[in-house]
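Q: Here it is: the structure, laid out below.
Read the figures in this text as sums done on the coordinates, not as results from a lab. No experiment lies behind these values; they were computed from the predicted model shown. Positions of Cβ are generated from backbone atoms using ideal geometry, with glycine treated the same way; all protein chains shown enter the neighbour counts.
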Amino acid sequence: MRPLSVRECARIQTFPDDWIFYGSVTSKYKQIGNAVPVIFAKEIGNYVYKLLQGDKPKGKEMAEQLSLFTL
């Protein structure tokens with residue numbers, strides 16, 4: 001057993017392999033740990049963009065979940 005490297009943690013969070021982190025090793029782990037996974041953030045952004053363009057969520061369950069964000 002060994003701890004995961006900074007690069008391994010970055011890959012789990014879906015950072016591109018050429019992404020550069022600055023600072024101490026501790027700072028790099030913190031940056032990665034506090035990040036929203038890149039692919040997840042992209043999908044949320046795309047979904048919100050579509051909603052702002054007037055597209056309706058698909059299905060009743062999705063609409064109920066999204067109603068939590070429109071309070």
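Q: Would you mind ranking Phe40, Phe21 by Cβ crowding within 10 Å, fewest neighbours first?
A: Ascending number of Cβ neighbours within 10 Å: Phe40, Phe21.
Q: Using Cβ counts within 10 Å as a stand-in for footprinting exposure, how do Tyr29, Tyr47, Tyr22 rank, fewest first?
A: Ordered from fewest to most neighbouring Cβ atoms within 10 Å, Tyr29, Tyr47, Tyr22 come out as Tyr22, Tyr47, Tyr29.
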